[in-house]
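We did not get these values from a lab; they are worked out from the coordinates using the rules stated. Remember, it's a predicted structure, so these values are computed and weren't measured experimentally. Positions of Cβ are generated from backbone atoms using ideal geometry, with glycine treated the same way; all protein chains shown enter the neighbour counts.
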Amino acid sequence: MRIVLVTGKGGVGKTTVAAATALAAADAGYPTLVTSTDPAHSLADALAVGLGAEPTPVVDRLHAQQIDAQRQLDRHWGSIRRQLMEVLDWGGAAGIEAEEFLIFPGMDELFALLEVNRHARSGDYEVVVVDCAPTAETLRLLSLPEVLSWYFEKVMPTERRLMRAARPLLSRITDLPLPQDEVFGAAQSVFESVEAVKELLSRPEVTSARLVINPEKMVIDEARRTYSYLGLFGYGVDGVVVNRVLPDLVADPYFERWRTIQKGHLDTIDDAFAEVPRLRLRLFDDEMVGLERLRLMAHELYGGIDPIFDFEAKSPFRIVEDGSTVTMELDVPFVERVDLEVFRHGHELYVQLGPYRRSFILPDVLHRREVTRARLEGGTLLVTFSEMPE
Ligand SMILES: Nc1ncnc2c1ncn2[C@@H]1O[C@H](COP(=O)(O)OP(=O)(O)O)[C@@H](O)[C@H]1O
Ligand SMILES: [Mg+2]
């Protein structure tokens, strides 16, 4: 079972590459699902088929799905919604749909993740290809399990306890509908699903990211940052698809300058992403829509190799024991020391990289140890823990 997250900047060709990759996987014999977390419903356009909210058969062994946040909301948040409705009615806001409130930022992504989890664990598919929304949203999506687990573990239990204790008193002084235990129950079950997604996504032998880029400066710069952030959250990159490369065939002098520019960028890409396989894909002379063209694209992209299982991601995270010290290693390529901050709070270690922060719950063996050093070496953050003095 493999999950491939196809990600990259807006417009680089993610949806097309995701669709072509999924088609190639199905043609290679794997029961495959391609699903899109991008609210812009372009997966259906790329495949040139109508798609529903549930996996729809496209060709033999290939299903495609367009995740519908509204439907997922009903599936997961029934009782939370009822509660919110009561509160809105009480507040005189009857007529406003609770749904309008509940589709807050991050909600679509959360449901998308829960869907990926459900299908990946259903046993129906050997391969799940996820056509991700543009980079920033994707990173938010991929950091959600971490953030939500933190919230559920730290904040929820306290709120629930407080609410139990305070309900009798509160109901005497206000008729505001108070959250019932079933609301927490629903949240709890979402939490369990989030934990399950996290477990699945944090295994590099199951989940990897495939970065789509174009030979353009801004795209490459963003891809570098994405690569580092993916590392922070524990995702490995299994390949870089360099899309829209001008083919040698184009002899028109008008494009000569473009070719020189691309040549420079292609060298930069080979250099920067030397550790992962880079697959070049030409700029086709046509829009790559429909099964026939996607198959042509898949053929040029993967040729004779397996589009899924010939690609491996290595985990960006390791714990290395060496005598009396333990070192936590995290690959964050392209990062400068100034962008990185590490601090410890109790049994947690926080790593902040640009706008993103991840908390690592320290394993028991590290609780009684002290962080003695944090340094950046060749794109890897090394945090050393030493024995506490007696
Ligand atoms: N290599 C290519 N050659 C020609 N057209 C391409 C190529 N890659 C993508 N396209 C076209 O570019 C447009 C945008 O691609 P899309 O996959 O939707 O990008 P994204 O999902 O990254 O926003 C689509 O019309 C697609 O058919
Ligand atoms: Mg897209």
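Going by how many other beta carbons lie within 10 Å of each one, how would you line up LYS314, LYS198, fewest first?
Going from least to most buried by this count: LYS314, LYS198.
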Handout entry: Which of ASP131, ASP248 has the fewest Cβ neighbours within 10 Å, and the rest in rising order
Key = ASP248, ASP131
Exercise for the section: Would you grab the residues whose amide H sits under 5 Å from the one on LEU246? Only those 5+ places off in sequence or on another chain, please, with H modelled 1.01 Å from N. Expected result: LEU283
Practice task
Fewest Cβ neighbours within 10 Å first, please rank PHE317, PHE343 accordingly.
Solution key: PHE343, PHE317
Practice task
Under 1.5 on a/c is rounded, so check that first for segment 254-312, then, if it is not, pick prolate when a/b is larger than b/c and oblate when it is not; a ≥ b ≥ c are the square roots of the alpha carbon gyration tensor eigenvalues.
Solution key: oblate
Practice task
Tell me the label-point distance for the pair GLU153, HIS299, using the 7 Å Cα-to-Cβ offset, in nm and rounded to one decimal.
Solution key: 5.0
Fill in the blank from the handout: For ARG259, placing the label point 7 angstrom along Cα-to-beta-carbon and taking segment 185-227, residues whose amide nitrogen sits under 17 Å are 215
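Would you mind getting me the FRET efficiency between LEU249 and LYS314? Use the beta-carbon distance for r and R0 = 25 Å, nearest 0.05.
On the way: r = 36 Å, r/R0 = 1.45.
With a Förster radius of 25 Å, E is 0.10.
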Completion exercise
In order over segment 376-385: 3J(HN,Hα) from phi, Karplus 6.51/-1.76/1.60, θ = phi - 60°, whole Hz, x for each Gly or Pro, gives 10, 9, x, x, 10, 8, 10, 10, 9, 10
Exercise for the section: From the P(r) of segment 182-296, can you give the percent of Cα pairs sitting at distances over 25 Å? Expected result: 44
Exercise for the section: Taking H placed 1.01 Å from N in the peptide plane, check which residues at least 5 places from LEU5 or on another chain put their amide H under 5 Å from its amide H. Expected result: VAL130, SER208, ALA209, ARG210
